[in-house]
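See below for the structure under consideration.
We did not get these values from a lab; they are worked out from the coordinates using the rules stated. In this text, all values refer to a predicted model and were calculated from it rather than measured experimentally. Cβ atoms come from the backbone with ideal geometry, glycine included; neighbour counts cover every protein chain shown.
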Amino acid sequence: MPASDHFTTTFPHSFFNIASHFFLRYPNPSSRHVISVDTIHSAVTNGKLYTTRILLKRESAESSEWIRRMIGKGEGYVLEQSIIDPANKTIETYIRNLSFPRIMLVEENQLYKLDNETQMLVESDVKVTSSLRFLTRRIEEYGLQRWKNAFEPVKKSPTYYTKV
């Protein structure tokens with residue numbers, strides 16, 4: 001059974017502020033592991049902005065030695081798909097790693113929605129799965145814990161990128 005969890009947080013910014021700065025998130029001091037970002041598709045359909053991006057991320061030095069041995073260099077690609085809906089004042093994202101999915105696949109769905117006119121509520125669902133037979137549970141628990149640890153600085157990101 002995959003490891004999964006649900007998290008919520010609030011950003012003290014309006015929908016307009018978050019949406020207008022959404023694609024300026026990288027680089028920023030809270031996300032030094034993101035090396036590059038490339039937009040591969042962007043289109044407006046029915047008043048919604050649909051975007052697909054590929055991110056190149058570097059595994060941090062705090063990673064366990066056994067994980068570093070499995071993935072080698074420690075860089076990998078991540079798919080990010082987003083839908084910004086100004087009419088409903090929501091942002092939906094789907095994020096998953098493209099590199100090493102048999103070792104560890106991390107899938108994250110986020111929904112940003114208006115909590116009040118000056119605050120956005122963000123609901124995140126994450127699921128970690130592994131196809132490695134004897135290490136499955138250990139890898140899934142490790143991946144979920146890494147995601148939880150990485151989620152903390154993300155909470156600070158809007159404060160940085162909405163000032164850019």
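Packing around the peptides 89-99, 35-45, 129-139, taken as the average count of other Cβ atoms within 10 Å per residue, puts them in this order, highest first: 89-99, 129-139, 35-45.
Of all aspartates and glutamates in the structure, the ones whose alpha carbon falls short of 19 Å from that of K127, not counting any fewer than 8 places away in one chain, are D5, E59, E80, E92, E107, E108, E140, E141, E152.
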